[in-house]
Amino acid sequence: MKYLYLAVSSVVLAYFIIILFVYFYQRNLLYHPSENNYLNDKITFNYEEIFIETDKKIKLKSWFIKKDLDKFKTILIFHGNAGNLFNRVYKLNELNKLDVNILLISWRGFSGNKGKPTEKNLYRDADESVKWLNNQGVISKNIILYGESLGTGVATELGTSNAFGGIILESPFTSIANAAKIYYPYLPVSIILKDRYDSIGKIKNINTPIFIMHGKMDNIVPQQMGLELFEKANNPKYSYFPEDDDHMMNYNKQLLNEIKLFINKI
């Protein structure tokens, strides 16, 4: 009996230590600014490197592709939880083929920016990037929010309180809690989670036209999450759920055409 008690106590203690480790280390598990999967994609677009001031001493390195702010809508891109601006060159190369202006920001703590990424801080960064565009003369109705993976949680948050031209969600999750349960089913993630990005609870409050795209082969965020968000979203809503795309959507002619069709409808 004594040995059984010691064994059970050891297991409980080990489990408690794991919970403590994940609790204090969770943001390192969620945000990966140093990860770099840049494949030396050649930049085929002209851009201006700008810095958007978001908090005291924090300026977000960003790329601005300016064509015609009065004639074309502006796509504001919120990237995912890993990598830097160069990791999105392949995406900008294709989006640049459309009649749009593009602003791609990098979060605090990413691309050499100061500060630490948290849910609250990313919302702040995104909000300031919208204000920056407003100061350039771009009204919010002419801004299309484009969230990629983690960035979909930010785009969804902003969409609940502002009227934008449209919202595009690429490979979205319903919430970080739901996503974390897939990877850590043995942990009480709903209790210990700091950054939640509860998109499934917020999307019903969005009245902006929304376009959700999510590949069936996504092995990071299940396509089912994109389908659930689409079901909860208000009209007008549009979707693209290809059979063979994974988490990083394949920017082929079909995908670009789907985005173009969405832009033309709003």
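Table for the structure above
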quantity: Any pair with Cβ under 8 angstrom, 6 or more apart, that starts in region 24-52 at a residue that is within 18 Å of residue 95 (Cβ to Cβ) and ends at one that is assigned to a loop (DSSP other than H, G, I, E, B) and modelled with pLDDT under 95; calculated: 38/83; 38/84
quantity: Output for region 249-266, where each listed residue is modelled with pLDDT under 95 and within 26 Å of residue 201 (Cβ to Cβ); calculated: 249, 266
quantity: Counted residues, region 149-172 - those being assigned to a strand (DSSP E or B) and in contact with a Leu (Cβ under 6 Å, 6 or more places away or on another chain); calculated: 1
quantity: Matching entry among 132, 107 (being assigned to a loop (DSSP other than H, G, I, E, B) and either free of Cβ contacts under 8 Å to residues at least 40 places away in the same chain or buried (at least 20 other Cβ atoms within 10 Å of the Cβ) (or both)); calculated: 107
quantity: Enumeration of residues in region 69-126 that are under 23 Å from residue 44 (Cα atoms) and among the acidic types (Asp, Glu); calculated: 94, 99
quantity: The listed residue being among the aromatic types (Phe, Trp, Tyr) and more than 19 Å from the chain's Cα centre (by Cα), out of 197, 184, 238; calculated: 184
quantity: Residue in region 208-228 that is modelled with pLDDT of 95 or more, more than 22 Å from residue 257 (Cα to Cα) and of a type in the set (D, E, K, R) present; calculated: yes
quantity: Unique match (being over 15 Å from the mean Cα position of the chain (by Cα) and modelled with pLDDT of 95 or more) among 165, 159; calculated: 165
quantity: Test for residue 75: is it in contact with a Ser or Thr (Cβ under 7 Å, 6 or more places away or on another chain), of a type outside the set (D, E, K, R) and buried (at least 20 other Cβ atoms within 10 Å of the Cβ); calculated: no
quantity: Lone unmet requirement of (1) over 16 Å from residue 149 (Cβ atoms); (2) surrounded by fewer than 20 Cβ atoms within 10 Å (Cβ to Cβ) for residue 90; calculated: (1)
quantity: Pair list, Cβ < 9 Å and 6+ apart or interchain, from region 254-265 residues that are touching a residue at least 12 places away in the same chain (Cβ under 8 Å) to residues that are of a type outside the set (Lys, Arg) and part of a helix (DSSP H, G or I); calculated: 255/94; 256/94; 256/95; 259/94; 259/95
quantity: Extreme residue, nearest to residue 87 (Cα to Cα), among residues of region 237-252 that are of a type in the set (D, E, K, R) and assigned to a loop (DSSP other than H, G, I, E, B); calculated: 246
quantity: Helices (runs of 4 or more DSSP H) contained in region 173-236 and holding at least 1 residues touching a residue at least 40 places away in the same chain (Cβ under 8 Å) and over 25 Å from residue 143 (Cβ atoms); calculated: 176-183, 189-192, 223-232
quantity: Condition broken by residue 226, with the remaining ones in (1) under 27 Å from residue 131 (Cα atoms); (2) buried (at least 21 other Cβ atoms within 10 Å of the Cβ) satisfied; calculated: (1)
quantity: Some residue of region 257-266 being assigned to a loop (DSSP other than H, G, I, E, B), over 19 Å from residue 157 (Cβ atoms), touching a helix residue (DSSP H, G or I) at 6+ places or on another chain (Cβ under 8 Å) and not acidic (Asp, Glu); calculated: no
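For every residue, the table says whether it meets (1) modelled with pLDDT under 95; (2) exposed (fewer than 12 other Cβ atoms within 10 Å of the Cβ); (3) among the small types (Gly, Ala, Ser).
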site: 18; (1), (2), (3): yes, no, no
site: 49; (1), (2), (3): no, yes, no
site: 62; (1), (2), (3): no, no, yes
site: 68; (1), (2), (3): no, yes, no
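The values are calculated or read from the model by the stated rules, or taken from the named source; none is laboratory data. No experiment lies behind these values; they were computed from the predicted model shown. Positions of Cβ are backbone-derived with ideal geometry, glycine not excepted, and every protein chain shown enters the neighbour counts.
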